[in-house]
Amino acid sequence: MRKAIGGALAAALLLLAAGCSGSDDDSGGTTGGGKVELTYWSWAPNMDKVVEGWNAGHPDIHVTVNKQDGGDPAVTKLLTAIKAGSGAPDVMQAEYQKIPTLVSADAIADVAGEAGTLKAKFPDSAWNAVTLGSESVYGIPQDSGPMMFYYRADVFGKLQISPPATWDQYADAARKIHSANRKQYLGTFSANDPGWFAGLAQQAGASWWGVQGDSWTVNINDAATQKVAGYWGGLVQEGVIANTPMYTPDWNAALNDGTQVGWLSAVWAPGVLEGNAASTKGRWKVAALPQWDPAKPAGGNWGGSATSVTTQSKHKKQAVEFITWLNTDPAALKALAGTANIYPAATDATSTALTSPPAFFADQKDFYAIAAEAGKVSNPFTYGPNVNVAYSAYNDAFGKAAEAKQSAAFTGALATMQSTTVSDMKTAGFKVAG
């Protein structure tokens with residue numbers, strides 16, 4: 001018998017999964033008085049060391065970490081196990097963007113009944129990512145990626161530019177920097193990073209998927225995203241922003257040689273800067289993301305994941321007990337931040353675990369305070385079951401737009417993303433409104 005997941009949202013999510021055979025075990029994790037063994041798939045570094053803290057204090061519930069290659073390979077592996085009826089772990093690290101896909105495949109369990117009242121411990125955007133706006137709870141938020149603005153303080157100081165508080169000011173700063181040195185750019189538009197662009201659209205108020213009754217809605221080509229695409233297309237066409245994709249050898253070198261003097265990124269950026277621009281340590285600072293309307297501050301996320309219980313777990317109660325500890329206990333949060341090098345999603349992590357700035361920003365004592373404020377104002381954003389298709393369409397359409405350097409091509413790329421995403425959902429059997 002399939003586990004009931006109430007509401008129109010679940011009906012839409014499970015529309016495609018009606019014939020699947022995932023486990024509906026809900027025994028509550030009866031141990032029969034014996035020791036419970038849980039398996040946990042995660043790709044975060046040193047997670048086995050984080051879990052040592054749990055195992056030491058919980059001799060009746062032992063957790064074994066199985067290191068995965070990354071988010072996409074782990075999802076593929078899990079879906080294969082779900083389809084086969086066995087082989088899935090009890091607990092799984094799941095990127096927020098993959099949760100609708102996993103729910104649609106009946107791969108992760110609704111733990112609303114076991115999770116209790118944890119909502120207040122997380123930013124609204126993170127909680128929305130695990131509930132999909134419903135009463136169900138498909139995991140406990142683990143880490144998040146509030147976006148911020150990183151900039152070369154020495155370049156800004158030399159040109160007497162203040163960190164931009166608005167996107168208009170960001171554009172003005174980009175013009176001034178490029179005018180002063182034609183080799184320098186404040187940033188780049190990256191056609192290889194749909195998650196980056198989605199975070200900026202999220203800040204502008206977009207939410208690309210949603211549920212209306214028993215149907216999905218797709219709103220990639222909405223007014224908010226059009227505004228973001230038009231803004232970046234205009235800067236690229238003007239020539240004051242580069243069009244080099246991020247994480248390429250050229251872009252990595254540009255961070256270090258002073259060609260790229262700004263980066264709109266997320267809280268995890270210091271590790272990337274340290275790895276690619278070590279010689280610039282001490283010259284960077286971080287500020288809040290520029291705003292469309294300073295009177296209504298908003299933010300977006302780039303990255304982040306939850307810890308979910310799979311539908312094949314026979315120990316759901318104990319699994320939820322473990323993932324609750326992992327993502328809310330002060331000692332666990334400290335280990336996640338210090339040992340696994342991730343930014344915990346829990347709102348009190350700043351005071352309990354993130355008391356010192358990252359080494360690359362050792363002189364900026366308010367680094368995590370800025371990150372915490374960014375997380376608080378992040379807009380809710382709902383992902384859909386075919387994020388991979390939408391992101392692939394982004395790479396193709398915006399790749400051509402960035403190459404063409406024409407603003408109209410940027411806004412036009414959204415229509416391509418929209419039609420490709422809707423078409424794929426309908427072909428796959430999802431009911432799509434409109």
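The values are calculated or read from the model by the stated rules, or taken from the named source; none is laboratory data. Because the structure is predicted, anything quoted here is derived from the model rather than measured. Ideal geometry is used to build each Cβ from the backbone, glycine not excepted, and the neighbour counts take in all protein chains shown. These area figures cover heavy atoms from the full protein model, side chains too; ligands, DNA and RNA do not enter into them. Shrake-Rupley method; radii C 1.70, N 1.55, O 1.52, S 1.80 Å.
Some observations on this one:
- Segment 369-428 pair-distance distribution - Cα-Cα, 5 Å bins, rounded %: 4, 17, 19, 15, 14, 14, 12, 4, 1, 0
- Near-label residues of segment 110-141 by backbone N, under 19 Å of a point 7 Å along Cα→Cβ of K376: 119-128
- Convex hull volume of segment 259-342 per residue (C-alpha atoms, cubic angstrom): 183 Å³
- Ellipsoid fit via the Cα gyration tensor, segment 99-192: semi-axes of 43, 15, 10 Å, each the root of five times an eigenvalue, largest first.
- Prolate/oblate/rounded call for segment 142-203, Cα gyration tensor, a/c under 1.5 rounded: prolate
- The chymotrypsin sites (Phe, Trp or Tyr not before Pro) of segment 202-306 that meet both conditions, a loop assignment by DSSP and at most 16 other Cβ atoms within 10 Å of the site Cβ, are Y247.
- Expressed to the nearest 5 percent, the antiparallel share of DSSP beta bridges inside the chain is 65 percent.
- Rounded to the nearest 20, the size of the Cβ-charge dipole of the chain about its Cα centre is 700 debye, with Lys and Arg at +1 and Asp and Glu at -1.
- The angle between the Cα long axis of helix 367-376 and the longest principal axis of the Cα atoms of the chain comes to about 70 degrees, rounded to the nearest 10.
- Projecting the Cα positions of A340, V320, W284 onto the charge dipole of segment 273-370 (unit charges on Cβ atoms of Lys, Arg, Asp and Glu, taken about the Cα centre) puts V320 furthest along the positive direction.
- With the charge dipole of segment 192-315 set up from +1 on Lys and Arg Cβ and -1 on Asp and Glu Cβ about the Cα centre, the Cα lying farthest toward the positive end among the listed residues A242, V261, L273 is that of L273.
- Computed as a quarter of the hull surface, the mean projected area of the alpha carbon convex hull for segment 329-434 stands at 10.7 nm².
- Additional length obtainable on full extension of the chain from K365 to Q169, 0.36 nm per residue less Cα span: 68.1 nm
- Nearest-20 debye value, segment 112-237 charge dipole, Cβ charges on Lys, Arg, Asp, Glu: 780 debye
- Whole-percent carbon and sulfur share, accessible surface of the chain, 1.4 Å: 50 percent
- Value in Å of the Kirkwood radius, where segment 141-282 supplies the Cα pairs that are averaged: 16.3 Å
- Distance violations [Cα-Cα > 23 Å] among K119/K365; K119/K431; K296/K334; K183/K281; K77/K98: K119/K365; K119/K431; K296/K334
- Pairwise FRET efficiency - K296 versus K119, Cβ, R0 = 35 Å, nearest 0.05: 0.90
- Scattering curve values for segment 232-274, log₁₀ I(q)/I(0), Debye with Cα scatterers, q = 0.15 Å⁻¹: -0.40
- Comparing A201, A295, A349 in a Gaussian network model of the chain, where Cα atoms under 10 Å apart are tied by springs, the biggest mean-square fluctuation is seen for A295.
- Across segment 198-298, the volume of the C-alpha convex hull divided among the residues equals 142 Å³ per residue.
- Net charge dipole, segment 37-193: roughly 1000 debye, given to the nearest 20, about the Cα centre with Cβ charges of +1 for Lys and Arg and -1 for Asp and Glu.
- Between helix 194-204 and the chain: long-axis angle, C-alpha atoms, 0 to 90°, nearest 10: 80 degrees
- Solution diffusion estimate, µm²/s, Stokes-Einstein, segment 341-394, Kirkwood Rh from C-alpha pairs, 10 °C, viscosity 1.306 mPa s: 117 µm²/s
- Segment 20-170: radius of gyration and largest Cα-Cα distance (Dmax), Å: 20.2, 70
- Taking N as the residue count of segment 231-375, its C-alpha radius of gyration divided by 2.2 N^0.38 Å amounts to 1.27.
- In nm, spacing of pseudo-spin labels at T64 and E135 (7 Å Cα→C-beta vector): 3.8 nm
- As a calculated quantity, the FRET efficiency between A56 and D257 at R0 = 35 Å, using C-beta atoms, amounts to about 0.15.
- Structure-based [θ]222 nm, the chain - -39500 (n - 2.57) summed over DSSP H runs of at least 4, per residue, nearest 500: -13000 deg cm²/dmol
- Radius ratio Rg over Rh of segment 170-225, counting only Cα atoms, Kirkwood formula for Rh: 1.20
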